[in-house]
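> After the structure tokens below, expect a handful of questions from me.
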Amino acid sequence: MSEQPPTPAPKPAGAPEPEPIRFFGTSWLNRDNGYWLRRVGVSVGALAATAAAVLVLRLGVEGVALSDSGGGFLNGLLTAAIAVCSMMAVRRTWKVLTVGRDQLTGWMAEEKSLGAVWLIGGAGSLAAYFVRSLVEAPGEAVRRAAHRTAVEQYEKRRAGRGGRPGGKRRR
């Protein structure tokens, strides 16, 4: 007979469930069910998307350079603007993936008013996503910390009931 994987023990009612991550579902918790293959796929996909975004930006800059509309000054200004937007997007994306979107403050928390900056800096954001995917599933640290906190709170609540699952004490 073929060996079947052991079935996981049923979770008690009210036990915290891990939040799914895009492309990974809940496989990040135990790093099973193709987690490593997905990590490689996400890394390769993010790198390919970064290369495509850089190519689009390069074509745009070359188009402005070919138009001779402002000379070297305009080309330098455009390149500097793209660099600054990319650096801002890298910093914001890294912070979102390591501490969470709800922890953003100041200019990083702006969605609509800095939308053009995030669009222009998209290549930088994708590069940050790629680098983070080499370390872990992007966003895994935030979800793992939240899940760990939820499990600790659940265990404290359970222990506070005297170990009885029903919770009511007999008199």
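Every read-out reported here was derived from the displayed coordinates using simple, explicitly stated rules and does not represent laboratory data. These numbers come from a predicted model, not from an experiment. Here the Cβ is made from the backbone with ideal geometry for all residues, glycine too, and neighbour counts use every protein chain on show.
> Residue by residue through the stretch 19-24, which ³J(HN,Hα) values in whole Hz follow from phi under the Karplus form 6.51 cos²θ - 1.76 cosθ + 1.60 (θ = phi - 60°), with glycine and proline marked x?
After applying 6.51 cos²θ - 1.76 cosθ + 1.60, I find 7, x, 10, 3, 6, 10 Hz.
> Take peptides 141-154, 18-31 and line them up by average Cβ neighbours within 10 Å, highest first, as a rough protection proxy. If you can, show how the numbers build up before the last one.
Working: 141-154: 14.5, 18-31: 16.4.
Put in order of decreasing packing, that is 18-31, 141-154.
> Please report Rg (one decimal) and Dmax (integer) in Å for the Cα set of the stretch 10-76.
Just the Cα atoms of the stretch 10-76 yield Rg and Dmax of 22.2, 69 Å.
> Can you work out the Karplus-derived ³J(HN,Hα) for every residue in the stretch 36-50? Use 6.51 cos²θ - 1.76 cosθ + 1.60 with θ = phi - 60°, whole Hz, and x for glycine or proline.
Rounded to whole hertz, the list is 5, 5, 5, 4, 5, x, 5, 5, 5, x, 5, 5, 5, 5, 5.
> When only alpha-carbon atoms are used, what values of Rg and Dmax, in angstrom, describe the stretch 1-129?
21.2, 76
> Per DSSP H run of at least 4 residues, take -39500 (n - 2.57); add these up for the chain, divide by its residues and hand me the 222 nm value, nearest 500 deg cm²/dmol.
Roughly -20500 deg cm²/dmol at 222 nm, from the helical runs in the chain.
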